[in-house]
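Here's the structure we're looking at; comments come further down.
The values are calculated or read from the model by the stated rules, or taken from the named source; none is laboratory data. As the structure is a prediction and not an experimental result, all values here were calculated from the model. Neighbour counts run over all protein chains shown; Cβ positions are idealised from the backbone, glycine included. Just so you know, the surface numbers come from the protein's heavy atoms only, side chains and all, with ligands and any DNA or RNA stripped out. Shrake-Rupley method; radii C 1.70, N 1.55, O 1.52, S 1.80 Å.
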Amino acid sequence: MHVVTREEMQAIDLYTIQTIGLGGPILMENAGQAIYDALAKTVKAGDQIVIVIGKGNNGGDGFVLSRLLLAEDRSVETWLLPDMEAIRGDARVHLHAFLESGGTIHQINSEPEHFATRLHEADVVVDALLGTGFHGVPRADYAQVIQQINASSAKIIAVDLPSGVPANGEPFSHEAVHAAQTLTLQCPKIAQFVQPAAGFFGKTEILSIGIPERAVQASGTQRELRTRADVRRSLPVREPFSNKGTHGKGLLIAGAPTMPGAAYFAARAALRSGIGLLTVSVPEEIRPILASLLPEVMYQPRQSLDYNKLSGLAIGPGLGRDRAQAAFVAQALDADIPTVIDADGLYHLAAMLERLAGRHAPIVLSPHPGEMARLTGQSIQSIESSRFSISRSFARKYGIYLVLKGRYTLITAPDGRQVVNPTGNAALAKGGSGDVLTGILLAYLLQHKQVMDAVCNAVYVHGALADTLVQTCHSPLDVLATDLIEQIPPVLHDLYKEKEARA
Ligand SMILES: NC(=O)C1=CN([C@@H]2O[C@H](COP(=O)(O)OP(=O)(O)OC[C@H]3O[C@@H](n4cnc5c(N)ncnc54)[C@H](OP(=O)(O)O)[C@@H]3O)[C@@H](O)[C@H]2O)[C@H](O)CC1
Ligand SMILES: [K+]
């Protein structure tokens, strides 16, 4: 599933209409029908529905929905902000069809009090004011209606985008529709995954409107939303006669006397994620503690790390920020084997980014926004408001795989391809969860054929751990790193069972 900008969506529309030959009115009919079907799942029989329509094709979707609801014995009113004469093109076609089918249009500007009353009484408000055509700041008349919609106690369902939200996720400070649910048409837009826009979507459902994949491909978009099917398809299969050496020999350089837990979490997560052989390097003071907790791993002293015959390494969890540790990061980079750098490893990396050049083996960096800010010298706010572009330029500049963590973690390949991860929740915002991800990343880097699959699947599974825990027996407040690790077996069990069932 591709994530698009407004311009890419418009190009997809144009290709579908001009090259494939599916006219705009047909797409709009499909859009209206898809919205109608999605509404049927959430709107109750006696609900009073108010559909609020703007001037463009987003409004056109609203006319189709109004016509489809005509046939039902429901309390539905359709309210139009612009004058009817201003409606043009495909939207005009469906305005005409609605009226000729017996529909009634109420004009907001002619009956402002009645509109206010209906909004107040409504159980559901469908926001078909503005979609991908919106830009800038809402004009006064639209701003007024957006404010009125937000003030109603109705369940707000936005068509394609919450009105007032810019499709490309540009930062904004004006009021936009706070939707309980957004029914996005065909392709998720960038806005859904960046702040502050993401906060206006509510529960989001992507509805197909019959646009062929070829039209999406033609737009050249390089962004995708990872689906469970993508993960299932690309998970490594364990051959029956494989041996421990087949699944990677990894080295984890982590932990400090004051932070032994990080090394434990990353190591145990790597083991649970299928790594074949794992060697851990921790300061001698804490090795006995780790050895008692992790009998499955081998140990190497920091002073004599052997990088030969390794399939990959991870460095950073709990490593510590004193200068002495920087040398281990530099050494790891010089080893030029598949490498994951996280946490304090990223802290030291910031002073030696030039070492990333000229390497051949893949490198995966997994910063949270604060660590990314330090790596780029930008503020956290600028990172958060332009996650896609900042990630892309950094990954391409240094030739690395970048995992920019967040509510929707964004994965970027050295060639600029980007994947949005849909799983995860606030339960992950706790010490140790990043160490668990590092362990899964290391294990997957050593087991997947494609690096991008390894990284995307590790991030997907990591988020799915938190989702499963919160959906079954935890709250977002009480999930510990150890809970995440112990959730790996059931989550992988389900994924592999689904994979087998589809084989
Ligand atoms: N393939 C698909 O996804 C399909 C999507 N459909 C729907 O079409 C919209 C996009 O339609 P479009 O007409 O391009 O644009 P909008 O309806 O979103 O809005 C256009 C009108 O909005 C006005 N506008 C723009 N900026 C502002 C602003 N700052 N304040 C107030 N009004 C604004 C603008 O008015 P003008 O007077 O400036 O012209 C436009 O008229 C998409 O989102 C889907 O919902 C199709 O239904 C099917 C295919
Ligand atoms: K809308």
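Of all the helices (runs of 4 or more DSSP H) wholly in the stretch 257-359, which have at least 2 residues that are touching an Asp or Glu at 6+ places or on another chain (Cβ under 8 Å)?
Output list reads 260-272, 344-349.
In the list Gly169, Gly164, Gly133, which residue meets the criterion of being within 23 Å of Ile209 (Cα to Cα) and more than 13 Å from ligand 1 (Cβ to nearest atom)? Write out each step before concluding.
On the way: Gly164 fails: more than 13 Å from ligand 1 (Cβ to nearest atom); Gly133 fails: more than 13 Å from ligand 1 (Cβ to nearest atom).
When all the criteria are applied, what remains is Gly169.
Anything in the stretch 21-60 that is away from ligand 1 (no atom under 16 Å from the Cβ) and either farther than 19 Å from Glu72 by Cβ or outside any loop (DSSP other than H, G, I, E, B) (or both)? List them, or say none. So that I can check it myself, show each step before the final result.
Taking the stretch 21-60 and keeping what is away from ligand 1 (no atom under 16 Å from the Cβ), we get 40-50.
Scanning the stretch 21-60 gives Ala40, Gln48, Ile49, Val50.
Identify the residue in the stretch 136-149 that is within 9 Å of ligand 1 (Cβ to nearest atom) and in contact with a Leu (Cβ under 9 Å, 6 or more places away or on another chain) and, among all such residues, is nearest to Gln10 (Cα to Cα).
It comes out as Pro138.
If you go through the stretch 25-59, how many residues are acidic (Asp, Glu) and within 16 Å of ligand 2 (Cβ to nearest atom)?
Residues that pass the stated criteria total 0.
Could you give every pair whose Cβ atoms fall below 6 Å, whose first residue belongs to the stretch 139-160 and is among the small types (Gly, Ala, Ser), and whose second residue is more than 15 Å from ligand 2 (Cβ to nearest atom), counting only separations of at least 6 or pairs across chains?
Ser152/Leu119; Ala154/Ala122; Ala154/Asp123
For the subset of the stretch 149-177 comprising residues that are of a type in the set (A, V, I, L, M, F, W, C) and more than 12 Å from ligand 2 (Cβ to nearest atom), which member is farthest from Leu225 (Cα to Cα)?
Among those residues, the one meeting the criterion is Ala151.
If only one of Glu371, Glu354 is exposed (fewer than 13 other Cβ atoms within 10 Å of the Cβ) and among the acidic types (Asp, Glu), which one is it?
Working: Glu371 fails: exposed (fewer than 13 other Cβ atoms within 10 Å of the Cβ).
Just a single option satisfies the conditions, and that option is Glu354.
Lys405: within 26 Å of Arg321 (Cβ to Cβ), among the charged types (D, E, K, R) and under 16 Å from the mean Cα position of the chain (by Cα), yes or no?
yes
Listed residues Ala180, Ala140; which is over 30 Å from Gly23 (Cβ atoms), more than 14 Å from ligand 2 (Cβ to nearest atom) and of a type outside the set (D, E, K, R)?
Ala140
Just to be sure I understand, how many residues within the stretch 142-154 are open to solvent by less than 70 Å² (accessible area, probe 1.4 Å) and either in a helix (DSSP H, G or I) or modelled with pLDDT under 95 (or both)?
Looking only at that region, the number is 7.
Residues Asp435, Asp453, Asp415: which one is modelled with pLDDT of 95 or more and part of a loop (DSSP other than H, G, I, E, B)?
Answer to the selection: Asp415.
Determine, yes or no, whether Gly54 is touching a residue at least 12 places away in the same chain (Cβ under 8 Å), open to solvent by less than 60 Å² (accessible area, probe 1.4 Å) and at positive phi.
Considered against the rule, which asks whether it is touching a residue at least 12 places away in the same chain (Cβ under 8 Å), open to solvent by less than 60 Å² (accessible area, probe 1.4 Å) and at positive phi, Gly54 comes out as no.
If you check Leu492 against the conditions, is it within 18 Å of Pro236 (Cβ to Cβ), surrounded by fewer than 19 Cβ atoms within 10 Å (Cβ to Cβ) and assigned by TED's automatic domain parsing to the domain that holds Ile390?
Spelling it out, Leu492 is indeed within 18 Å of Pro236 (Cβ to Cβ), surrounded by fewer than 19 Cβ atoms within 10 Å (Cβ to Cβ) and assigned by TED's automatic domain parsing to the domain that holds Ile390.
Of these, Ala443, Ala373, which one is more than 18 Å from the chain's Cα centre (by Cα), without any contact (Cβ under 8 Å) to a residue 12 or more places away in the chain, part of a helix (DSSP H, G or I) and not assigned by TED's automatic domain parsing to the domain that holds Gly199?
Working: Ala443 fails: without any contact (Cβ under 8 Å) to a residue 12 or more places away in the chain.
On inspection, the qualifying residue turns out to be Ala373.
Please tell me if Leu68 is assigned to a helix (DSSP H, G or I), among the aliphatic types (A, V, I, L, M) and open to solvent by 10 Å² or more (accessible area, probe 1.4 Å).
yes
Please indicate, with yes or no, whether at least one residue in the stretch 88-109 is crowded, with 23+ Cβ neighbours inside 10 Å, assigned to a strand (DSSP E or B) and more than 10 Å from ligand 1 (Cβ to nearest atom).
no
Residues are listed down the side, and each one gets a yes or a no for (1) more than 16 Å from ligand 2 (Cβ to nearest atom); (2) basic (Lys, Arg):
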| site | (1), (2) |
| --- | --- |
| Thr78 | no, no |
| Asp83 | yes, no |
| Arg88 | yes, yes |
| His94 | no, no |
| Gly103 | yes, no |
| Ile108 | no, no |
| His114 | yes, no |
| Val126 | no, no |
| Gly133 | no, no |
